[in-house]
Amino acid sequence: MAGFFGFFDYTKPGPGVPENEPPKSKFIVFFEVLARKFWKLCWLNILYFLVSLPILILLYFIIGNYIAPIIQSATKGAGNVKDIQSLQGFLMTAFGLTLLSGFMVFGIGPTTAGFTYIVRNFAREEHAWVTSDFFEHTKKNLKEGIISFITDLLVLWIFSVAIRFYSVQSLKYPSVGIIKYFLVFTLFIYFMMHIYIYPMMVTYNLKVRHIYKNAFIFTILKLPHTIGMFLLLATVWLLPFLLLFVTRFIPVLLLYPLIWVSIIGLAQNFYTNYIFGIYLNPQKENKEQLESQENTELSSDKDDDSHSKDSV
């Protein structure tokens, strides 16, 4: 006898989905997927962090050259030498881990491609093997990921040098400030393009220049939506960092290597799946719409038949 007096019988079919039930909103589906895939997302986040550790260490030393002087000047006169060193270590840890997690979201090459493939499938409610698919699609996108990462480093370096140069020049020549603000706006557009770059890399067989071109087109075409999504992702990204300064509980930063990057990636790919479905997969969208219309018509026909039978 299956189960125990009819209880705990997992061989019985479930109640299923009602025919006329309206589709759930993406917001609700996101939290359902997050709850259902929580532990897989945790493992994906940890795997992504560990495999990317050599790149993250390199980035930490690069970032340190920019952060350390700022922290040292900001903490002057904060107390005795021991207190200042303790505060500087705390701030370097907090800023360093937060910025490194931001790079993981922004993109750090082939490992980001492997990570994105998994969260893209989860956002589509499709199956993915976390470990094997991560390494498989890291290898598949090795060349594109390396080119994208090198491009990002060059762009960030060039823009940081140019913005600092024109910031100094604007003190002497205020009209030069226009160039500085234009560069900041351009860099902001470049940041927002990364919402689309890696999802497009793992979804379509495109060259890197075409990926960047399409990402720029999507950013401009859907600018209000892209800005909104970018600000939402940035807010979620900064929450553990802000929580640290409220609670002074430094282990809260462990959210970044444990789960937080996966949550952000899942939200990002829910959005990009929707955008790609409209503009790059129109046949799929039309097919789904036709299927939903046919289901509605069939259900209405069934209702008409039932009414006619009742009246006989």
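Read-outs: derived from the displayed coordinates by stated rules, not from any lab. Given the structure is predicted, the values throughout are model-derived calculations rather than measurements. Methodologically, a virtual Cβ is constructed for each residue, glycine included, from the backbone with ideal geometry; neighbour enumeration extends over all protein chains shown.
Packing here is the average count of other Cβ atoms within 10 Å per residue, and on that basis the peptides 23-34, 96-107, 224-235, highest first, run 96-107, 224-235, 23-34. Ellipsoid semi-axes for segment 117-187, based on the Cα gyration tensor and the rule √(5λ), read 42, 14, 7 Å when sorted largest first.
Packing here is the average count of other Cβ atoms within 10 Å per residue, and on that basis the peptides 269-277, 185-193, highest first, run 269-277, 185-193. For segment 37-137, relative contact order (Cα pairs under 8 Å, six or more residues apart, normalised by length) works out to 32 percent. Considering only alpha-carbon pairs that sit under 8 angstrom and 6 or more positions apart, the relative contact order computed for segment 45-282 is 26 percent.
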